[in-house]
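S.K.: Have a look at this one before I ask anything.
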Amino acid sequence: TVTSVDGPLTGATVYEADHPGKGTVTDSIGTFTLLIQDFPSILKINYLGYTSRSFPIDATTPLPLDVHLEAGITLDDVEVVVTALGVRRSNSTLGYSVQEVQSEELTDVQAVNFVDNLSGQVAGLRVTAGATGVGSSSQVVIRGETSFTNNNPLFVVDGIPINNNTIINRTNEEAAGFQEVDFGNGAMDVNPADVQSVSVLKGASAAALYGTRAANGVIVITTKRGGKQPGLGISFNSSLTLDRPFQLPRFQNEFGQGQGGEFAFVDGLGGGISDNITYSYGPRLDVGNQVPQFDSPVTLADGTVVRGGDVAVHGGLPIPSTPFVSQPDNVRDFYDSGTTAIHNLAISGGGADGDFRLSVTDLRSDSYIPGVNLKRKTLAGRFGFRPAERLHLDASLNYINTTSDNRPAGGYGSENINYDLTAWLGRQTDLEILRDYWQPGLEGTQQYSYNYTFFDNPYFTLLENRNGLDRDRLFGFLSARYELLDNLSLQVRSGMDYSNERRRFLRNFSSNRFPQGGYAENDVLFREINTDFLLDYTQSFGDFTLNLLAGGNRLTQLAENNQSNALTLAQPGIFRLSNAASPVVIVDQAAEKRINSLYGLARFGFRDYLFLDLTGRNDWSSALANPASADNTSFFYPSASVSFLASRLLDLPEAVSYLQLRANVAQVGNDTDPFRTSSTFVARSPYNGQPTFTEQSVLAQPNLKPEQTTTTELGADIRLLEYRLGLDFTYFTQRTENQILSLPIAQSSGYNQQIVNGGTVSSRGVEAILSLTLVVTEDFRWTSRFNFSSSRAVVDELPAGTDRFTLAYSRVYNSVNQTVYFIVEPGGEIGDIWGTGYRKTDDGRFILTNQGQFIADNTLRKIGNANPDFILGAANSFRFRNLELNLLLDWRQGGQIVSRSLSLAGVAGQLEETAYRPEAGIVVPGVVNTGTDSEPVYVDNTTAISAESYYRSYYDRNHEENNLYDASYLKLRELRLTYRLDRSALADGPLGGFQGVSVSLIGRNLYAWSEIPHFDPEQFAIQGQGIVFGVEDMTYPSARSFGLSLGLDF
Amino acid sequence: NAPSTVQNELLFRQVLYGYGDAMSYEGFVAGNLLSQHFAMIDFNLLDRHALSSPQEGGNPWDVLYVALRDNETVLQQSRNNPAAAVYEGPALVMKAYQAMRLTDIFGDVPYFEAVSGRTTGIVTPAYDRQEDIYLAEGGILDNLESAVAAIENYAGAIPLGGDIVFNGDLTAWRRFANSLRIKALLRISGRRDVGAELQSLYAAGDYIQSPEQNATFDFAAGPPNSFAFATARVGIFNVFLMSLTAEGIFAGLGDPRVSVLYRPAANTGEYRGIINGIDAATAIVPDDYARPGTIWRERTGDLDFNYMTAWETRLLLAEAAYRGLIEADARELYDAGVALAFAYWQTELPDDYLTSGPAAWDASRGLEQIITQKWIAGIGDAYEGWIEWRRTGYPALLPVAASLNDGRYPVRFPYPADEQALNFQNYRGAAEATDGNSVNVPVWWDVD
């Protein structure tokens, strides 16, 4: 019998060390029978998530053998995974696809955002890191985007759902006020050092028991716990990485600031020649030109020397000319070297009556972006206690405090330093002199900058105009399980996820968007409590086993988001609402939701090779009620899955060590957010202190029905050549009907969004996991794993009466014409990008005016698709004696991305693409229509336009077609070289007290092969309150990290 | 905490203020380019007449439909709930006012089915002909008459709340309704014989006559109720310069209001304008030109949002008299209108301005004088200067320097791209009727 702290282990692998292909698997009560080929032998017992054990076996070994496995590392044979409701089951009994990632794969090269650690590790999982450096949100999507609105999988820690929300502060999308700041996604708080394993339940079947939110898959996280055996274990892990900006824009360095070849700085406000804005179409650099500049020395009457840009100090004295020279590395040098240090200390222990694990983790990341940082402290406790023979008490508690002095703003505008550095920085600008960012004597009231119209000094922005964060998060659970009978138990559990986040936005006097200073407080509160019970009954009847589970859950959720804006301040430098010089503008929102559920699961097993699961769940959601009725609140969804272990029944060729076939069909219902069934009114800016209200711009739908997703899945898991080669293949289809959509609608209806049920999207795709053990010798082992996935989601039907609609958009400010639309038409795919361009002939040549200029064509057309054709993660592991090398590659093929950096910095003449500026101008390749509109006669264009005019129109932000990149990339995601010494190797040396010591060289995000020269191809944008995939919006460089990590086990 | 119903008072205050707040900025940064009060030297595709590629403002569509929507809720509540009946008249006036702006700017637009998404479920409203929007039942003129009737019939005691324009004075709303009728009738006077109606309105005298009757509200000196241009980035402020057109008109009339509306060029102290619609790929020295006056930025406490004024009404009547549509002395009305307009812009009327100067009444070019005076005083007013130029051809606007519309001056605003994406089937018909959403196809009342 094989047991663990959780009881009997079903599906543990048992085999002789010399005959790995002739093994067996434990049954549902943990027993196994194995015919030993020849004595003496070594018996190996593996179970994923537990330390493998070996037993010398000879004729005298007492039988039956009782084996107890400890939680720990595992082998990648036939795996055991954590499935819905936290039940550990062997993969071989599952009729659906679940893939598990082990703790070491997560913690070896820790990312600050937990979600990033999953990148490339799981077939069908797409992770995209955010654009504002350490602390950004990361987006995760399982099996591609199939919903029009919500593709966010559910995160569950030790059975309790935790939120993975990305909540952006309130902005007005205009060129005034606060810009978007990404304060991170909820799941980033998970601490990799405390994670034992992560199971990804990909389809709806695996997830049906988690309820509506599982429609997009579930990421089930199991935390580490103490052992069963007496004794104290102490482990200490530490890693330190050096972070540098990855993929900075490539600039031209031949022309400096100005327009039409001229420039002179007077006041940076329009007083000079083209000094009101910072195009780089000015005089040539490095050819001896002398130009008055913002950093030219100006001598005051008293002999003091100030800078040209110290306008308020010198009061408009003439600024002398100084050499106009290039600064090819100004942006590169602007960034520091960041450091990320993570230290974790864990103490664990246990005994017959219980176990515990306590862990403390400290993370400090100082970004390469000056002034930006993230600090996170995590306390985790996991406790098991058995006060009576049949009573198991279990608890966990995680407290996380995350703070940041500054989270940099994103999007287009002066609060994002890339608006300066990438788009609008004259190529002669010496950034070094901007470090001293106040005008002398005017500290606290007047910044010093290279321009005062649209831009802020980037050091001033980052070091003074900060967006601070302080988040307390608490999640955990208490549970009690009582074994009423030997085969019947009752578990009652309650868990909570609570977070309270304080965000403070400081804006100093002389800021571009806040000339009189500004301050905002944004407090975000989230609380979700899940309370459930579960009855578990198991019985065997001859060859049949039966396991019945029945349970119920109540979910209550509270979300509040309150923001108070002071748009001017009385006293500079005092950031309090009471210092507001104008009425404070308050935007607040609170929503509550409750879902009650009942569910059941029946598992049937026949012998050891055929398994059938049936599930059903009914939910009652308050979000579907409207003020008049609760008719639509109830919905039911079932699933069925079957697993057949062909290799146990059939006589398969010698080469086939293991063959499992599986199939399932499942449905899952989905409700919606609160306040979508009745119209509401929201407060607007008061007039003379008197309140005003306007209707919400979203048109509610009183008779909303739950949406329904149906998935089917066929899969096979084949292991060949004594488990040396494994292929796990899954084909899935998914069809979502009655989707609850928040569709953009024509403003002429009075609203810009409408909640509707309607539309059908079907997707199909494949996932393949190829595991190879290429070399295994005593000293050397080489294993590879490839995670491949490809899926496509097609729109079958649109809501009645629609033949085209828009799912989302991304704009520059609030400009309708500078908008990337995500539009679907019947037959179109999710992720289709629409935009505009310039007029072209049918064969794709530009049609130009008689003056040789482009002609805008504002007809919207499909210009690409944001989603990849396939993604492939490749993990390679080489072990030579104590040395281990791990490589993780991440390949994304296909899909397009619209780049705002290209558009803006192209128009402004900063990028290397714009360096070609012949005196004679540029003759745009294209044709001129010398005929009529109806009967065109095209002749080749021969008229040149100035290079400045050419680039300004070619990359114009009103037209997306010329600002599109292929988003494919191949990334060297992770690299780790480890030297590991175990207990036996340490015993005689000076480190004799240690159980294990390891030292690693680590690297993350080291290199990318891509056609995009200017930024990390892994991107998304934030627009309004959401994430938009397929748009790059003035991104910050991502991090390339190198470092060291150390692990000590006492 | 989100209420599912709201008191009319709160909504109506937002209808009045929210529209004024949004449209005053829109009218300043985009409308003023088409009327050539100002020129823009960068991000100026709109100033170069690529109207579908505006870069700052230039999307009055959304502003108007949001205002129409909330106003419609006020109107419906006033009809469904006897306790809210007092709002019916004022809401009808606002509906007429907003609809007129909308159709005057764009031509045929969704109107009868518009902003009814919540009550009818129609989210792709059909386009209506401008003629019907003005003349049909439930259209602009009908609503204004209904408004007057509703105000006169109101016998309840519950006062009008949220009224930041007239502080609940229903008589003032009736005067506003009648002034707006005068304006609408003149607007369509190329299509319909409006003389009798104008004459009766004039004879009754129940229109906005004096400054205290003006349909205006005050902007505050600081946020959040300051004029939005006051808080716009200095960069946006700095790309707006006085236009060459404005330079010519103010200089030609020796009009002292120039010093309120503009500030002299920093380098020369002169009120110099720049031609509209330059190709921004040229080096210029902005300080050589006049910029917007301090009233638009530093002193917005002195600025009003203007729905309708006594000076505008007088100048409308002056035109009616000049064209023989009413029996009245055009000069008298003109002089009164100009005097009121000077007072409105807080400028002392020079003694000779109306007697011997170039602005003194000259019947041989009366229409040009009247419209030019409206153009001056109507600066910033939501495209009004451009609308009246389309109707009358005055004042003479200059060709833009680097046109992106083949050198033709636009005569309507194009439908926004959102309509193409989101209301495609209806849009298709409207686009056909305008030669593919062309800015060169005149609207119905534009008959010259």
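The values are calculated or read from the model by the stated rules, or taken from the named source; none is laboratory data. Since we're looking at a predicted model, the values are computed, not measured. All Cβ positions, even for glycine, are placed from backbone atoms using ideal geometry, and neighbour counts span all protein chains on display. Calculation scope for accessible area: heavy atoms of the full protein, side chains included, ligands and nucleic acids excluded. Shrake-Rupley method; radii C 1.70, N 1.55, O 1.52, S 1.80 Å.
S.K.: Output the residues belonging to region A:228-272 that are in a strand (DSSP E or B), within 8 Å of chain B (Cβ to nearest Cβ) and crowded, with 24+ Cβ neighbours inside 10 Å. Walk me through it before giving the result.
M.R.: Taking region A:228-272 as the starting set, the residues that turn out to be in a strand (DSSP E or B) are A:232-246, A:251, A:255, A:258-259, A:262, A:264.
Of the ones still in play, those that are also within 8 Å of chain B (Cβ to nearest Cβ) are A:258-259, A:262.
Of everything in region A:228-272, those that are in a strand (DSSP E or B), within 8 Å of chain B (Cβ to nearest Cβ) and crowded, with 24+ Cβ neighbours inside 10 Å turn out to be A:GLY258, A:GLN259.
S.K.: OK, next. Within region B:274-287, take every residue that is within 13 Å of another protein chain (Cβ to nearest Cβ) and assigned to a loop (DSSP other than H, G, I, E, B) and give me the one that is nearest to A:SER949 (Cα to Cα).
M.R.: Residue satisfying both the conditions and the ranking: B:ALA281.
S.K.: May I ask you to list the residues in region B:272-294 that are in contact with a Ser or Thr (Cβ under 8 Å, 6 or more places away or on another chain) and open to solvent by 50 Å² or more (accessible area, probe 1.4 Å)?
M.R.: B:ILE275
S.K.: Related question: For region A:165-189, how many residues are at pLDDT 85 or above and not in a strand (DSSP E or B)?
M.R.: 10
S.K.: Separate question: Scan region A:745-775 for residues that are of a type in the set (D, E, K, R) and open to solvent by 10 Å² or more (accessible area, probe 1.4 Å) and report the count.
M.R.: The number of residues fulfilling the criteria is 1.
S.K.: Does region A:796-808 contain at least one residue that is in a strand (DSSP E or B), away from every other protein chain (no Cβ under 11 Å), open to solvent by 10 Å² or more (accessible area, probe 1.4 Å) and farther than 21 Å from A:LEU704 by Cα?
M.R.: Among the residues of region A:796-808, not one is in a strand (DSSP E or B), away from every other protein chain (no Cβ under 11 Å), open to solvent by 10 Å² or more (accessible area, probe 1.4 Å) and farther than 21 Å from A:LEU704 by Cα, which makes the answer no.
S.K.: A further question follows. Exactly one condition in (1) open to solvent by 20 Å² or more (accessible area, probe 1.4 Å); (2) within 14 Å of chain B (Cβ to nearest Cβ); (3) in a helix (DSSP H, G or I) is not met by A:TYR419; state its number.
M.R.: (1)
S.K.: With the checklist (1) within 13 Å of another protein chain (Cβ to nearest Cβ); (2) more than 24 Å from A:GLY144 (Cα to Cα); (3) within 27 Å of the chain's Cα centre (by Cα) in hand, flag the one item A:ALA905 doesn't pass.
M.R.: (1)
S.K.: Search region B:13-71 for residues being of a type in the set (Phe, Trp, Tyr) and within 7 Å of chain A (Cβ to nearest Cβ), and hand back the single one that is nearest to B:GLU388 (Cα to Cα).
M.R.: Of everything passing the filter in region B:13-71, B:TRP61 is nearest to B:GLU388 (Cα to Cα).
S.K.: With B:PHE28, B:PHE43 as the choices, which residue is closer than 29 Å to B:THR300 by Cβ, open to solvent by 10 Å² or more (accessible area, probe 1.4 Å) and either in a helix (DSSP H, G or I) or of a type in the set (A, V, I, L, M, F, W, C) (or both)?
M.R.: B:PHE43
S.K.: So, in region A:701-736, how many residues would count as being of a type in the set (S, T, N, Q), at pLDDT 85 or above and more than 25 Å from the chain's Cα centre (by Cα)?
M.R.: Counting residues in region A:701-736 that are of a type in the set (S, T, N, Q), at pLDDT 85 or above and more than 25 Å from the chain's Cα centre (by Cα) gives 2.
S.K.: Going by the structure shown, is B:TYR271 more than 30 Å from A:ASP956 (Cα to Cα), more than 11 Å from chain A (Cβ to nearest Cβ) and part of a loop (DSSP other than H, G, I, E, B)?
M.R.: Against the criterion (more than 30 Å from A:ASP956 (Cα to Cα), more than 11 Å from chain A (Cβ to nearest Cβ) and part of a loop (DSSP other than H, G, I, E, B)), B:TYR271 qualifies.
S.K.: To continue, here is another question. Condition test on A:GLY827, is it touching a strand residue (DSSP E or B) at 6+ places or on another chain (Cβ under 9 Å) and closer than 30 Å to B:LEU51 by Cα?
M.R.: no
S.K.: Working only within region A:748-768, note down all residues that are among the hydroxyl-bearing types (Ser, Thr, Tyr) and more than 14 Å from A:LEU798 (Cα to Cα).
M.R.: A:SER748, A:SER749, A:TYR751, A:SER763
S.K.: Which residue, of B:ILE105, B:ILE122, is away from chain A (no Cβ under 13 Å) and either in contact with a helix residue (DSSP H, G or I) (Cβ under 8 Å, 6 or more places away or on another chain) or over 24 Å from B:LYS183 (Cβ atoms) (or both)? Talk me through it step by step, then tell me what you get.
M.R.: Numbers: B:ILE122 fails: away from chain A (no Cβ under 13 Å).
So the residue among B:ILE105, B:ILE122 that is away from chain A (no Cβ under 13 Å) and either in contact with a helix residue (DSSP H, G or I) (Cβ under 8 Å, 6 or more places away or on another chain) or over 24 Å from B:LYS183 (Cβ atoms) (or both) is B:ILE105.
S.K.: Restricting attention to region B:229-271, report how many residues are of a type in the set (Asp, Glu) and open to solvent by 10 Å² or more (accessible area, probe 1.4 Å).
M.R.: Total satisfying the criteria: 2.
Table: residues versus (1) of a type in the set (A, V, I, L, M, F, W, C); (2) open to solvent by 60 Å² or more (accessible area, probe 1.4 Å); (3) in contact with a helix residue (DSSP H, G or I) (Cβ under 9 Å, 6 or more places away or on another chain); (4) outside any strand (DSSP E or B).
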| position | (1), (2), (3), (4) |
| --- | --- |
| A:PHE475 | yes, no, yes, no |
| A:SER494 | no, no, no, no |
| A:ASN508 | no, no, yes, no |
| A:ASN512 | no, no, yes, yes |
| A:ASP523 | no, no, no, no |
| A:PHE526 | yes, no, yes, no |
| A:GLY551 | no, no, yes, no |
| A:SER564 | no, no, yes, no |
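S.K.: Of the conditions (1) open to solvent by 10 Å² or more (accessible area, probe 1.4 Å); (2) within 14 Å of another protein chain (Cβ to nearest Cβ); (3) at pLDDT 95 or above, B:GLN77 fails just one. Which one is it?
M.R.: For B:GLN77, the exception is condition (3).
S.K.: Within region A:822-863, can you find the residues that are open to solvent by 20 Å² or more (accessible area, probe 1.4 Å), of a type outside the set (D, E, K, R), within 24 Å of B:LEU45 (Cα to Cα) and not in a strand (DSSP E or B)?
M.R.: Within region A:822-863, A:THR849, A:ASN850, A:GLN851, A:GLN853, A:ILE855 meet the criteria.
S.K.: Of all the residues that make up region B:227-239, how many are modelled with pLDDT of 90 or more and touching a helix residue (DSSP H, G or I) at 6+ places or on another chain (Cβ under 6 Å)? Spell out the reasoning first.
M.R.: To start, the set of residues in region B:227-239 that are modelled with pLDDT of 90 or more comprises B:227, B:239.
Next cut, touching a helix residue (DSSP H, G or I) at 6+ places or on another chain (Cβ under 6 Å) only: B:227.
Number of matching residues: 1.
S.K.: Just name the residue that is modelled with the lowest pLDDT out of those in region A:208-237 that are basic (Lys, Arg) and under 30 Å from the mean Cα position of the chain (by Cα).
M.R.: That would be A:ARG213.
S.K.: Another question, if that's okay. Go through (1) more than 29 Å from the chain's Cα centre (by Cα); (2) assigned to a strand (DSSP E or B); (3) not hydroxyl-bearing (Ser, Thr, Tyr) and name the single condition A:GLN667 misses.
M.R.: (1)
S.K.: Also: Quickly run through region A:935-979 and pick out the residues that are away from chain B (no Cβ under 14 Å), outside any strand (DSSP E or B) and among the hydroxyl-bearing types (Ser, Thr, Tyr).
M.R.: Scanning region A:935-979 gives A:THR942, A:THR943, A:SER968.
S.K.: B:ASP163 versus (1) assigned to a helix (DSSP H, G or I); (2) surrounded by fewer than 22 Cβ atoms within 10 Å (Cβ to Cβ); (3) within 13 Å of another protein chain (Cβ to nearest Cβ); (4) not β-branched (Val, Ile, Thr): which is the lone unmet condition?
M.R.: So the condition that B:ASP163 fails would be (1).
S.K.: Further question on the same structure: I'd like the full set of residues that are among the hydrophobic types (A, V, I, L, M, F, W, C), part of a helix (DSSP H, G or I) and either at pLDDT 90 or above or open to solvent by less than 10 Å² (accessible area, probe 1.4 Å) (or both), limited to region B:397-448.
M.R.: Restricting attention to region B:397-448, the residues satisfying the condition of being among the hydrophobic types (A, V, I, L, M, F, W, C) are B:397-398, B:400-402, B:404, B:411, B:413, B:417, B:421-422, B:424, B:430-431, B:433, B:439, B:441, B:443-445, B:447.
Filter again for part of a helix (DSSP H, G or I), leaving B:417, B:421-422, B:424, B:430-431, B:433.
B:ALA421, B:ALA430, B:ALA431, B:ALA433, listed by residue number.
S.K.: Restricting attention to region A:308-357, which residues are surrounded by fewer than 18 Cβ atoms within 10 Å (Cβ to Cβ) and in contact with a Pro (Cβ under 7 Å, 6 or more places away or on another chain)?
M.R.: A:PRO320, A:SER321, A:ASP336, A:GLY351, listed by residue number.
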